[in-house]
Structure formats: structure tokens, C-alpha cells
Ligand code: HEM
């Protein structure tokens, strides 16, 4: 077994996981719940093994760096964090239908990493600028933030869907959307997830600044990627203030969660492929 | 309090203004990520149009992040933040310092979180028991007689109310740090050939010379490659000299700069020359000489009665991997040999041995920065993380227990409140009441 096989398997297990959660949601097949959870945990462990193995492989090739340094590796880590955060939420809030809205993001990330053209899956050595522990801290913290925002966006979508339906106020199993948690609960989890993401994004921006300063002597240079991460940070700062000081909730927060995630996607992906900048992932 | 009526004051202390400013900052920041920054006027004429370029110029779009209007927005945010925080903080401080044993009893009975029970002990005994069992759970209680009842109070995390203010203050601190850097710092660069010394660098934007106040010498630059041909490391050995005396030396790498007297030297680029750097050492006397010679040229040495030249070289990409050296001290036929770049070889001549080291000559590109504000910025960053953590994950939890004599029994009314994570507090509150009930039953 090598890491690429394990990570390849992960793509399909996350697809299967997504399908399981979708079945639970659509067919109200609550009995499948534990199976979906166990399956997702196993898939998560397989991916964890894949990431560790990839690390060892790069070590064996004499490169000695954590698998977090190109677009492919970052996408893999992104998927891993999404599932990790989702499992944490499932465990903490004892609700499984969220899986139908969160795990697809992990599948999409893995599928993108595996099948999109122009993504280099090779383990490649690090150019001098990327040889820094601050870079590792930067990537890890940013992606924990991004993954939390992905889950928050999933929750936002869930909120809007439930809010549109007649069964808005119910949480019984009679109707499809009745199986979703109460609006108030979704709203609360969305907010908590965004708060969690905001903390990590802040740490991510700060560690990125420290890295830039140790490499170039400038902690902030307004390059497009930096600027977009700041824009994203502003969006979530607005969201927190609107909720905390102006009492926003429900639909507006759900939209802001989705809108914020679009900004995340642009920071992560758009900047590399649509704009130019210092960051290395764009080269594949 | 009078201040609050002042319309200017209330404008600057409103959160609506903060939302508005943050929104504008987010939107306008996009411009500079789409329109390339710091290009020449003709660049914009070429890529957009004459009139667009003029509009850009008027609105300072080509350098928008230091334009008057963008800095103005940032200033507005800071002023808003300061006024708003000054406006609210006294109230928060009052809450932290409040005497919670004076809370009106009617308010206690109206609290959402409440539980009541009756214990078979006297008021005093019960108060001692409750105080003890609360102490075992980390709650420090105070008590006071209120009318006919005894009020017990305990709290946790009062200071967590300052979290938001630590975050807000951190933003101000970061701005101050950035300002210090802007006012008292500078950025420059210098291209320094191996073996050469400089006491001057060149400003980043104007290219004007900036004296360092000391000298820096590049002793050696090395370029390491991976087997794939990708660069693995750029390394410069730098020496700092003051009045001709060596005071500091260090190998610098990308991500590992040298700092001396507040100036930091970063490895940023390099340039390869057509010339070669050769060092010739007489093994016996230890006499050594360094020469720089162009490719396929030879030169006479000053210290040794000999001449040396490079007659061939192998390259990969821009860099030379092997050189063929020609050496002649007129004692027998000239020696020729291949030398791996950066290596040395011993040459045995008739009566002398020489150690010859050679490599392609490089210049190291150094970025030089002085930023006395950077530690202030880092302090602000630390405060921000601390503040966010406190604001998000800690809450101010308060509980009151009102003990009232009822014949030989005592009735207890316990109420509680928390400013954050109310669901979590509710759970904790009811498990606490359960434990207290059983504790005071025994
Ligand atoms: C980018 C800048 C800012 C950041 C990162 C920031 C951060 C925060 C955070 C993390 C909270 C706590 C929210 C919560 O607990 O859910 C908060 C609350 C608050 N912020 Fe800001 N803030 C910023 C700018 C501002 C500005 C400019 C104002 C000016 C009016 C402001 C006013 C407030 C107020 C009034 C609160 C509620 C405080 C309370 O009474 O508990 N913030 N802010």
C-alpha cells in the first residue's frame, strides 16, 4: 500500500459516506445512522494513514517535509479537516443529518484533488522559501479555519432549505425536512462553527505574516492571497458583530455563512488560478 | 453620560459604523487584487485605456493600499474602535467589579435559571456545607445577611468579559506597530558579489543609497540543488565588520536571516557571473591568495610565482557544476584537473604542494529591512489570539443561593446566569444543583 492508493480509496469512501448520509436524510433511514458514522470514521482513519504514509514517503525520498506544501496536499488536508470537524459536531450535538451537508464538501475536495487536470500529485521537494515551520503552522491553521467555514456553509444551506419548507417549525420525522434539527439549533451550530473558524483563520493569517517576515522581511505586502484572506476575515468579523451586537440570526446568518465560504473558496482557489501572486500552490 | 447625546460621539461609537467600514474595506480591498499594483502609468494605458489609466491615477488605484482613501477607511475603523470601546468599557468594568451580594432579591427570583429545595438543617450549618461543597468544585463563595435571609454568591471567569476588549486593543496595537515600521523603518536591497564588502544599501522604492553604519561582506554564496534540478538551498556566508574588525558572522538562508543592530539581512536572490573564484593555498607556508578570473583566461598570482586559468566548465541550467583548472608554477609541465564546484584539490608540483579551491562566482541578492515596529505588531497578534480565545471560549458564570429559615428547616433558592454559552451553563447549573442537594442531605 502506498499513500496514493490510500488517498485514492479515501475519495470513494467519502463518496459512499455522502451517499449513506443522504439516504439517512432522504429516506429517513435512521437505522443506518450508526453504520454511516462507523464508515465515516473508518474512512477518516484511512485518510489519516494515507497522510502519515505520504509524510514518510517524502522523508524516505530525502525531502523531509509535512505533506502540506502543494495544491494536492492542501486539498487532501482540507478534506481531512472537514470530516474531522464534522465528526466532532456529530459527537457533540448528537445529530447525523448534518453529514448529508458537510461530508459532500470533503468528497468534492478529494475528487477535485484526484481528478482535476493540472493538479500535480507527485511528492516534490521544497524550494527554499517554503522550508519553514511557520509555513506548516500557517497551512494547518488556515485549513482548519477553511474546513470549519465549509461546514458552516453546509449548515447555512441546511438552514435555508428547512426554512423554505412548510415543516419549518417541526422536528418530527413525518416530513423530509422535519428530520433536520430545529432551526434554532442549526442557527446555533452554524454560529459556533463560524466562531471556531474565525479563531483559526486569525491564527492562520498571523502565522502567515510571521512566515513572510522571516523569509522576506515584510509581514504584510498586500499580495492578492493575503488580501483575500483579509477580505474573508472581514466578512466573518462582520458576521460576528452583526449577530452579537445587532442580534442578527437565522436566514441572514445562514446567507453570510454561505457568502463567507465563497470568499474562502476564492482565497484558496480563485487567487491561484485567476490572479497572480507569491503563493506557490498555483503552480500545481 | 452627557457625551452620549453628542451626535458626533454617538456616530463614532456605533457598531453600525463598524459594520459599514468593515464592509467597505472588504469590498474595496478586492480592487487591488484584480488590478495589478505599482505598475507604471503606461502599463495601465496599455492594458486598460488612456482614460481608465487617468481615473486610476486620480483615485490612486495603482497603489491603493497606501492611498489616502484606503488609509482613511482604516483610520475610521480605528477611531470607531477606540471611541466604541471607551464608551462601553466602563460599563463592563462595573459588571466585573460589581458587588453581587447586593443584587436585588426580586431579580434573583426572576432569573431564568432557578431551582429550589428544602434542607433539614439550620441556615448556618447549611451555609457552611454549601460553601464547602462549592469550594470542592472550584467556586469561591462569599456571603451576606440580606433581610431575613442569607445570600451566598460565587462566580467564575468575570475577567473573561474583557476578552472582546483585548481583541479590539490588539487591533490598535497592530496598527501602532505598523505605523512605527512606516515611520522609523526602511527597506532596501543590495547585490553583493562574493568577497566584496559594502557599507551602503539601496532603498527599495527610490533606489537611493542608505548608509549602514557598518560594513557587510559576502564571503561565499552556495547554491544547492536537488537531484531533480530544483533549488534546495541558497546560502550566503556574511561577515559584519566595524572599523575593519569582524564583529559578527552568520550563514543566512531563506527563512533564516541575519540581524545586526536592528537591521535584518534576508537571502532573496542571486546572480551567477561568467567569472570564477579561485583560492590557492601553499600547503607548507599557508600563504593563500584569492583571484577572480573570467572563463578561459589566465592570470598571474601575486603571492606565488605561478599562473592559473579555467580552461573548461560543465553547467546545468544557469549554474556551473564542474570546472577544469589549469595551473603552472613553471616547475615542470602545467597541471590540469577537473574540480567539482565548491570542492578543493591538492596539486603536487615538483617542490611544493598547493591546495586549490574553485567555483563559479556569484553575487548574493540581499533584502535589508529595518522595522522597529515588528515586535509591537507581534505583541498585538498575541493579544488578538489571547483575546479571541477568552471572548469565544470563556464565560462569566454567576450563581446565587438564597437561604431562608423555615421553622427548623432551611429553604434554598439557587439562581444563576452566564453571559455566553447559555446552553452549556444550563447543563452545568442543573448538575450542580443536583449535587448540592445530595451533599446537603447527608
Ligand atoms: C476588524 C476589526 C474587529 C475585530 C476583529 C473585532 C472582534 C470582535 C470580537 C471577536 C467580538 C466578540 C464577539 C462575540 O463574542 O461573538 C467583538 C465584539 C464587539 N465589537 Fe468588535 N471587532 C472589530 C472591530 C470593531 C469595531 C470597529 C467596533 C466599533 C464599534 C467594534 C465593536 C464591537 C462591540 C460593541 C462588540 C460587543 C462587545 C460587548 O459588549 O460584549 N468592533 N468584536
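The values are calculated or read from the model by the stated rules, or taken from the named source; none is laboratory data. Since we're looking at a predicted model, the values are computed, not measured. Counting neighbours? That spans all protein chains shown, and the Cβs are built from the backbone with ideal geometry, glycine included.
Only one of the numbered conditions (1) surrounded by fewer than 16 Cβ atoms within 10 Å (Cβ to Cβ); (2) under 30 Å from residue B:82 (Cα atoms) is violated by residue B:17, and that is (1). Answer with yes or no whether residue B:342 is at positive phi and over 49 Å from the mean Cα position of the chain (by Cα). When the stated conditions are applied, residue B:342 does not pass them.
Only one entry of B:424, B:416 meets the criterion of being modelled with pLDDT under 90 and touching a strand residue (DSSP E or B) at 6+ places or on another chain (Cβ under 9 Å), and that entry is B:424.
To keep it simple, each residue is scored yes or no on (1) farther than 22 Å from residue B:222 by Cβ; (2) surrounded by 15 or more Cβ atoms within 10 Å (Cβ to Cβ); (3) modelled with pLDDT of 85 or more.
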site: B:305; (1), (2), (3): yes, no, no
site: B:319; (1), (2), (3): no, yes, no
site: B:335; (1), (2), (3): yes, yes, yes
site: B:346; (1), (2), (3): no, no, yes
site: B:351; (1), (2), (3): yes, no, no
site: B:356; (1), (2), (3): no, yes, yes
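Does residue B:418 qualify as being crowded, with 17+ Cβ neighbours inside 10 Å and touching a residue at least 60 places away in the same chain (Cβ under 8 Å)? For residue B:418, the condition - crowded, with 17+ Cβ neighbours inside 10 Å and touching a residue at least 60 places away in the same chain (Cβ under 8 Å) - is not met.
Determine if region B:170-191 includes at least one residue that is at positive phi and in contact with a helix residue (DSSP H, G or I) (Cβ under 8 Å, 6 or more places away or on another chain). Checking region B:170-191: not a single residue is at positive phi and in contact with a helix residue (DSSP H, G or I) (Cβ under 8 Å, 6 or more places away or on another chain). For residue B:365, the test of being more than 14 Å from chain A (Cβ to nearest Cβ) and either over 30 Å from residue B:210 (Cα atoms) or out of contact with any helix residue (DSSP H, G or I) (no Cβ under 6 Å at 6 or more places or on another chain) (or both) is failed. Only one of the listed residues (B:71, B:24, B:81) is crowded, with 16+ Cβ neighbours inside 10 Å, within 14 Å of chain A (Cβ to nearest Cβ), at pLDDT 90 or above and closer than 21 Å to residue A:228 by Cβ. That residue is B:24. Does residue B:87 satisfy the criteria of being modelled with pLDDT under 90, within 11 Å of the ligand (Cβ to nearest atom) and surrounded by 13 or more Cβ atoms within 10 Å (Cβ to Cβ)? Considered against the rule, which asks whether it is modelled with pLDDT under 90, within 11 Å of the ligand (Cβ to nearest atom) and surrounded by 13 or more Cβ atoms within 10 Å (Cβ to Cβ), residue B:87 comes out as yes.
Does residue B:265 meet the test of being surrounded by 19 or more Cβ atoms within 10 Å (Cβ to Cβ) and within 11 Å of chain A (Cβ to nearest Cβ)? Judged against the criteria, residue B:265 is a match. Here residue B:154 meets each of (1) away from the ligand (no atom under 16 Å from the Cβ); (2) within 14 Å of chain A (Cβ to nearest Cβ); (3) closer than 30 Å to residue B:393 by Cβ with one exception, condition (2).
One line per residue, one yes/no per condition, for (1) outside the structural domain of residue B:77 (by TED's automatic domain parsing); (2) away from the ligand (no atom under 16 Å from the Cβ); (3) more than 43 Å from the chain's Cα centre (by Cα); (4) loosely packed, with under 14 Cβ neighbours inside 10 Å:
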| site | (1), (2), (3), (4) |
| --- | --- |
| B:112 | yes, yes, yes, yes |
| B:127 | yes, yes, yes, no |
| B:133 | yes, yes, yes, no |
| B:140 | yes, yes, no, yes |
| B:147 | yes, yes, yes, yes |
| B:163 | yes, no, no, no |
| B:180 | yes, yes, no, no |
